[in-house]
Amino acid sequence: MRAEPQPAPYRADPRILGLAEWIGDPVAAAEFPQTLLRFRNDAHAATVGLDELSDARWIAHFGRFEPLPDNLQTPLALRYHGHQFRVYNPEIGDGRGFLFAQLRDGADRLLDLGTKGSGQTPWSRDGDGRLTLKGAVREILATAMLEAQGVYTSKTFSVIETGEALFRGDEPSPTRSAVLVRLSHGHIRIGTFQRLAALGEREHMAELVDFCLETYSGPLASEAGDNRAAALLHQVVERLADLAASYMAAGFVHGVLNSDNMNVAGESFDYGPWRWAPKRDAGFTAAYFDHAGLYAFGRQPEALHWNCGQLAVALRALSEAEPLVAALERFPELYRANLARRFAWRLGVAPRGLDRDLQLVVAVEKALRESGAGVDEFFFRHRGGRNAEGELAAALAGYEGEAEHGHWSDDAPQAMLIDEVETIWAAIAERDDWAPLHAKLAALKRMGEALGEPPAPAAHAGPSR
């Protein structure tokens, strides 16, 4: 059974202020014509001592962005560069969001509250800094599904409708607007390091490495010795190898795996054109503008490994190449080990060793392709080794499994295909009916409870989940 998030008192800790002079720009939130509370995540608000806020105070903090006690008095729009579809862009940064607060949870982790749709910043370029309500609803659904599937993801913390009519080229307009707040384990991106490298800010780079090693706690990789830049890269490689494996086990396609969308905590975030693949198709893409299939489903491990390589390039400002290359070379092995663990976990069987578990992965992948079944349907049907035939049955022979939770006796599994997403949104757009959304979230919570705690990452040296 998956453990419930543990309540903790509110503890402000705005550590980012030590880097504030060069990592971001002070900004103010937009003044919205309306602040209508649509979603508050009290389960995760309890982990940082904010669940007892009245709705009025919640709106004051997360709709009008009045500072939380003893926290950032002025939000910070963070600066970074990044490769966007492998093209380097030095003109980006937080263009419609900012870091609003930092606080500790019960495990003493430093967590961030960051926004999306909170208004223009120096990095907005030609954008209006806003978020559509549909985009916010999609992020609620994506993060809930990923959390249930054991993916290390940011949490959708708050959604407030803001009363503006927005025009977008990729959805019917005018459309409703919202401001979203995420709870996450950090906003330091690979692109943050790329910016410092491009500007030759070596001292700031060293400060940022220290900040990350201290903030995203974990033992230093023994292979790195006293090389702190290499130690950080080892940790990021470990985290992103597990993230890649978790996407593949979930059947999830992020859609925009640019280096500015990769944080060094290894946490998935920034959900735009995401999709769950309806069947096992390596070429399935989420973003309509990904014409070359760079971030197609089957290429996601490659994309995350490539992004680790860009972090290594940036860290050359602090380290010789050899220890950085050694860290990068661990990615394929770590990815395979994590994929084996996660496939066994989704099947509800106890691992039997890497070689045997990788054979099971091969059998599952073949069965998925030949059957044309959806990933969730497949793992639901075969939970605990049930209903296996032919090569899959042979691969599962000797594995011990369980299928005790009532979820596994339901008529069908939970999934998150685009037709259902559009149906949930249509109820809101056409009738202001939020019941289908809340029913789906309850069903996903039950699925997460049935799956239980996700497996610990292989050679994990990063933050706890």
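Here is how the number arises for the chain: DSSP H runs of 4 or more residues each give -39500 (n - 2.57), the sum is divided by the residue count, and the result at 222 nm is -12000 deg cm²/dmol.
Ranked by the mean number of other Cβ atoms within 10 Å of their residues, highest first, the peptides 205-213, 241-249 come out as 241-249, 205-213.
Pull up all non-local amide H partners of residue 164: gap of 5 or more, or a different chain, and H-to-H distance under 5 Å with H placed in the peptide plane. Residues meeting the amide H criterion: 177.
Here r is the Cβ-Cβ distance between residue 207 and residue 389 and R0 is 56 Å; the resulting FRET efficiency, rounded to 0.05, is 0.45. Take every Cα pair under 8 Å whose residues are at least 6 apart in sequence, average their separation, divide by the length of the range 15-190, and the relative contact order is 24 percent. Give the lysines whose C-alpha is closer than 30 Å to that of residue 155, dropping any in the same chain fewer than 8 places away, or say none. By straight Cα distance, residue 155 reaches 116, 134, 279, 440, 445. Each of the peptides 361-370, 168-177 was scored by the mean count of other Cβ atoms within 10 Å over its residues; in descending order, highest first, they stand as 361-370, 168-177. Summarising the amide proton neighbourhood of residue 157: residues at separation of 5 or more, or on other chains, whose placed amide H is nearer than 5 Å comprise 181, 182, 183. Kirkwood-type hydrodynamic radius, the chain: 22.7 Å, calculated from all non-identical alpha-carbon pairs.
Placing a label point 7 Å from the Cα of residue 12 along the Cα-to-Cβ direction, the residues of the range 39-70 with a backbone N closer than 11 Å are 67-70.
Sequentially through the range 340-352, phi angles give Karplus couplings (6.51, -1.76, 1.60; θ = phi - 60°) of 4, 4, 6, 5, 4, 5, 5, 7, x, 10, 7, x, 10 Hz, Gly and Pro residues having no value and appearing as x.
Rounded to the nearest 20, the Cβ-based charge dipole of the range 388-465 about its Cα centre (Lys and Arg +1, Asp and Glu -1) stands at 380 debye. Around the Cα centre of the range 15-190, unit charges on the Cβ atoms of Lys, Arg, Asp and Glu (plus for the first two, minus for the last two) sum to a dipole of about 380 debye. Computed 3J(HN,Hα) for the range 386-403, one whole-Hz value per residue from the Karplus formula 6.51 cos²θ - 1.76 cosθ + 1.60 where θ = phi - 60°, is 5, 6, 7, 9, x, 5, 5, 4, 5, 5, 8, 4, x, 7, 9, x, 9, 8, glycine and proline marked x. Once the Cβ-Cβ distance of residue 418 and residue 126 is raised to the sixth power relative to R0 = 30 Å, the FRET efficiency obtained is 0.60. Reachable aspartates and glutamates from residue 366, Cα under 19 Å, same-chain residues fewer than 8 places away excluded? Leaving aside aspartates and glutamates fewer than 8 places away in the same chain, those within reach of residue 366 are 281, 355, 357, 376, 377, 389, 391. 3J(HN,Hα) along the range 54-66: 5, 4, 5, 5, 4, 5, 4, 7, 10, x, 10, 6, 5 Hz, from the Karplus curve 6.51 cos²θ - 1.76 cosθ + 1.60 with θ = phi - 60°, whole Hz, x for Gly and Pro. In terms of the mean number of neighbouring beta-carbon atoms within 10 Å, the peptides 136-148, 67-79 order highest first as 136-148, 67-79. With K and R counted +1 and D and E -1, the other residues having a Cβ less than 11 Å from that of residue 354 yield a net charge of +1. Placing unit charges on the Cβ atoms only, positive for Lys and Arg and negative for Asp and Glu, gives the chain a dipole magnitude near 380 debye about its Cα centre.
All of the numbers you see were taken from the coordinates with simple rules; none came from a lab. Remember, it's a predicted structure, so these values are computed and weren't measured experimentally. As a convention, Cβ positions derive from the backbone with ideal geometry for all residues, glycine included, and neighbour counts pool all protein chains shown.
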